[in-house]
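Notes follow once the structure below has been shown.
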Amino acid sequence: MCAAHGWDSNAVELVPVEASGDKVQDRPLAEIGGKALWTKELDVWLGEGDIDASVHSLKDVETIRPDAFTLIAILPRADKRDRLIGAASMADLPKGAVIGTSAPRRAAQALHQRPDCRVVTFRGNVATRLGKLEAGEADATFLAAAGLSRLGQDDVGTPLDPEDWLPAPAQGAIAIECRADDGRARELLSVLNHAPSQAEVMAERALLLALGGTCHSPIAVRCTYNAGQLSMRAALFSPAGQERVEGEATFPAGDADAPARLAAELLGKATSGITAVFDGPPE
């Protein structure tokens, strides 16, 4: 922000916040309020004018946001992949291995590839989860490559091939949100937007919206921008991973209807075990 506008480094005040999602770590998010636990404190401060903008890890932001706010900028997207910690690959995990994760997508994909394994709930920040792994609470876990990289831990774990292991919607993206009626903030922040990254993540969020995905819904998707076109590949799973359906689409960036068409295709060929955890398109 300061570099973009040629400001002194002290011109922007950073206000740290501990989200509710950080405070409750013994239960899956889906049981205690979902993704709103990552945004509610920031939403209050932003709505009351205590701050001018919020910075989010976009994969942790609810698909439907309050009309009072706008996602004004998406920073250049980082590595979209997951990293496997504890083994060189899914195939290298020992038979009956215990996998720690609280993400339905990761749990379902893991059990789809390795139905002999068992999943236990793993929550907390990177250090907490690595500590649980070191303590023997599980044989392996997953962490986002982007999060590890931002902590300077690129050497931790093995990146999973996105052709075999699809990431979460908007994984690796940082979003900046401001009040929709704050023209000054919108003007100042909009210069930070990276259009290709915005096109990718907004298409992925549109797919999630059209599917009626919730915190209980195992959905994996990867969208890639190239010369004004988006290539999207998505997979839906039943919670225990036995059932899987996949689809692909290529469409111009900004085609707001294309993700919904892919969502309809996926739901149309999904089994009841999959559709039970998706609500379908909003009314």
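For region 194-283, the residue among Pro239, Ser272, Ala256 whose Cα projects farthest onto the positive side of the dipole built from Cβ charges is Pro239. Of all the options Gly147, Gly96, Gly213, the one that moves most in a Gaussian network model of the chain with Cα springs shorter than 10 angstrom is Gly96.
Excluding same-chain neighbours fewer than eight residues apart, the aspartates and glutamates reachable from Lys80 by a Cα-Cα span under 15 Å are Asp60, Asp154, Asp161, Glu163, Asp164, Glu200, Glu204. A helix-only calculation puts the chain at -8000 deg cm²/dmol for mean residue ellipticity at 222 nm, using -39500 (n - 2.57) for each DSSP H run of at least four residues, averaged over all residues. Distance from the Cα centre of region 37-112 to that of region 205-283, in angstrom? What the calculation gives is 17 Å, centre to centre. Which residues does the label zone of Arg65 cover in region 208-224, counting backbone N under 16 Å from a point 7 Å along Cα→Cβ? Once the point is set 7 Å along Cα→Cβ of Arg65, 208-209 turn out to lie under 16 Å by backbone N, inside region 208-224.
Per residue, how big is the convex hull around the C-alpha atoms of region 194-283? Give it to me in cubic angstrom, could you? Before the final figure, lay out each step's value.
Working: hull volume 7.8 nm³, N = 90.
Cα-based convex hull of region 194-283, divided per residue, equals 86 Å³.
Packing here is the average count of other Cβ atoms within 10 Å per residue, and on that basis the peptides 65-76, 44-55, 195-206, highest first, run 195-206, 65-76, 44-55. For the chain, a Gaussian network of Cα nodes joined below 10 Å ranks Gln242, Gln109, Gln171 by mean-square fluctuation, and the top entry is Gln242. Listed by chain and number, the aspartates and glutamates whose alpha-carbon sits under 15 Å from that of Lys95, ignoring those within fewer than 8 places in the same chain, are Asp116, Asp139. How would region 82-159 be classified by its alpha-carbon gyration tensor: rounded, prolate or oblate, with rounded meaning a/c under 1.5 and the a/b versus b/c comparison settling the rest? It comes out prolate by the Cα gyration axes. Karplus-derived 3J(HN,Hα) values for region 135-147, using 6.51 cos²θ - 1.76 cosθ + 1.60 with θ = phi - 60°, are 7, x, 6, 7, 8, 7, 8, 10, 9, 5, 4, 5, x Hz; glycine and proline are entered as x.
The smallest convex shape that holds all Cα atoms of the chain, its convex hull, gives 139 Å³ per residue.
Read-outs: derived from the displayed coordinates by stated rules, not from any lab. Note that this is a predicted model, so its numbers are computed, not measured. No Cβ is skipped: glycine too gets one built from the backbone with ideal geometry, and neighbour counts run over all protein chains shown.
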